[in-house]
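One structure is given below, encoded as structure tokens.
What follows draws every value from the coordinates through simple rules; no lab data is involved. All values reported here derive from a predicted model rather than from experimental measurement. Cβ: placed from backbone, ideal geometry, glycine included. Neighbour counts: every protein chain shown.
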């Protein structure tokens, strides 16, 4: 019975520790500007495009700038399956959005593009999602080329 308990603890404790590290890392970055809501209109006709707006939890007070295009990335937890320990969060580029409206605390961005995955790590769910992070350090005008072009 003691052996079973020891085996269970060697499996449970590292998993709980890894989950705690990921939760801590996500909550430490509370000041990051993230996608907090996604809205789109319904395509009523075949071939009609479905534009998507991404509501961001940052505006002028967070240095989000109207008309600028930003890189969007997703923080993905990586776990070492050999020892069940956390390797931390891995930031994976997802796409680009352009800010089309803002006030002091909220911005709305429109999808520019989602990156092809051929030269980037795969994502379990493709496209920009709630919780994805806006990279405010790498802003560029739509006329400029992004680093990925």
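Observations on the structure shown:
- Likely footprinting exposure, 115, 90, fewest C-beta neighbours within 10 Å first: 90, 115
- Proxy reagent accessibility, fewest Cβ within 10 Å first, across 113, 74: 113, 74
- By average C-beta atoms within 10 angstrom, highest first, the peptides 78-84, 119-125, 42-48: 78-84, 119-125, 42-48
- Which of 91, 107, 86, 49 has the fewest Cβ neighbours within 10 Å, and the rest in rising order: 49, 91, 86, 107
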